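Written out below as structure tokens is the structure these notes cover.
Each reported figure results from applying straightforward, stated rules to the coordinates on display, with no laboratory input. The model shown is predicted, which means the values in this text are computed figures rather than measured ones. Positions of Cβ are backbone-derived with ideal geometry, glycine not excepted, and every protein chain shown enters the neighbour counts.
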Ligand SMILES: NC(=O)c1ccc[n+]([C@@H]2O[C@H](COP(=O)([O-])OP(=O)(O)OC[C@H]3O[C@@H](n4cnc5c(N)ncnc54)[C@H](OP(=O)(O)O)[C@@H]3O)[C@@H](O)[C@H]2O)c1
């Protein structure tokens, strides 16, 4: 490895707050592997946190690549293993040092672009679905359905025997695609759902969350996963009062709940590699064009994952 590596770094003088630059490669701690990154995915969250970082810092939460140096303490995967990795910084670079507890392995030949979308979007969808309890034969409403989390949630809900109801602002444009991923119904608003649902996985928040709560069946749960809408969550007076057969729950959600990440990252990477899950990458390109992806993500016009190929 050279004395410098290519990275997308914070530069507050740029309109986007980011630029391509050369920085020293990371040094690996005893419980960390060094990964040669092949692809990284972008999220609204890591773009937002980059604003608070210093000039020259390397942001980025999720990246996939190959282990090129195993952990010094003997833990974790061997050199040459494909891995997908999470961290609060450092994904948007050619090399990344990662704690062995923050990665999952993938089968040989895995598409690094596909598995780079596992740590945030796929993992959130999986863990949100688990919060819903038993899913077999139940209707699960998924808002923000064309997004990274939404598309995984539809597929995983279908795999888990549920009937996914997808909510998108653009049903005419995306209905066929979302049905192809496993949606039973595609609607423009929770209020359009004719039958009550057992679960809502809400990635939007605001007034839409309030309307989604209204469609919950007795015993149902709304999982408040995302907050993209700017409006407040104001419930009409009495909306949270339960009568007989009207018990419903709203739960907050964060995907990093203290349970081990590795097994879930590994299982999701296996599903992607054998084609049981689709990554729904809607923008894929070299990091020379990364600003196009950032603009689309910030404008909300991406409707899927954006992934940068490094090699
Ligand atoms: N709590 C956690 O642990 C956790 C983990 C991951 C993500 N998140 C959060 O979950 C949210 C979704 O993440 P994501 O990666 O799926 O985002 P994304 O890929 O940007 O997609 C979100 C989708 O939401 C819809 N949407 C966007 N802005 C909206 C608005 N103002 N009103 C109504 N709908 C809107 C869009 O779908 P349509 O155009 O089809 O309606 C969009 O495709 C984000 O807020 C993210 O920060 C939270």
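For the options 258, 206, 31, a Gaussian network treatment of the chain with springs between C-alpha atoms closer than 10 Å singles out 258 as fluctuating the most. Applying the Kirkwood pairwise sum to the alpha-carbon positions of the stretch 1-64 produces a hydrodynamic radius of 12.8 angstrom. With 0.36 nm allotted per residue and the present C-alpha distance subtracted, the residue 267-residue 48 stretch has 76.0 nm of extension available.
How large is Rg/Rh for the stretch 121-252, to two decimals, with Cα atoms and a Kirkwood Rh?
Rg divided by Rh gives 0.94.
The distance between label points at residue 179 and residue 3 comes to 6.1 nm (points 7 Å beyond Cα on the Cα→Cβ vector). The stretch 82-124 and the stretch 250-291 have Cα centres separated by 8 Å. Straightening the chain between residue 274 and residue 36 buys 83.4 nm, computed as 0.36 nm per residue apart minus the Cα-Cα spacing. Among 174, 235, 265, 253, sorting on how many other beta-carbon atoms sit within 10 Å of each Cβ, with the fewest leading, yields 235, 253, 174, 265. Ranked for footprinting exposure by Cβ neighbours inside 10 Å, fewest first, 287, 92, 61, 267 give 267, 287, 61, 92. If R0 is taken as 22 Å, the Cβ-Cβ distance between residue 228 and residue 55 corresponds to a FRET efficiency of 0.20. Label zone of residue 169 (point 7 Å out along Cα→Cβ, amide N under 19 Å): in the stretch 276-291 this covers 282-283.
Under the simplified labelling scheme, the residue 88-residue 247 pair shows an inter-label distance of 3.8 nm, with each label point 7 Å from Cα along Cα→Cβ. Between residue 130 and residue 12, full extension at 0.36 nm per residue minus the direct alpha carbon distance yields a gain of 38.5 nm. Rounded, prolate or oblate: which fits the stretch 12-162 when a ≥ b ≥ c are the square roots of the eigenvalues of the alpha-carbon gyration tensor, with rounded for a/c under 1.5 and prolate only if a/b beats b/c? It comes out oblate by the Cα gyration axes. The value given for the stretch 183-311 is a Kirkwood hydrodynamic radius of 17.7 Å, derived from the mean inverse Cα-Cα separation. Just checking the listed ones, 296, 183, 166: in the Gaussian network model of the chain with Cα springs under 10 Å, the one fluctuating most is 296.
Per residue, the Cα convex hull of the stretch 49-104 amounts to 83 Å³. Would you work out if the stretch 93-157 is rounded, prolate or oblate? Take a ≥ b ≥ c from the square roots of the eigenvalues of the alpha-carbon gyration tensor; rounded if a/c is under 1.5, else prolate when a/b is larger than b/c, oblate otherwise. Because a/c hits 1.5 or more and a/b exceeds b/c, the stretch 93-157 counts as prolate.
Mind jotting down a quarter of the surface of the convex hull over the alpha carbons of the chain, in square nanometres, one decimal?
16.4 nm²
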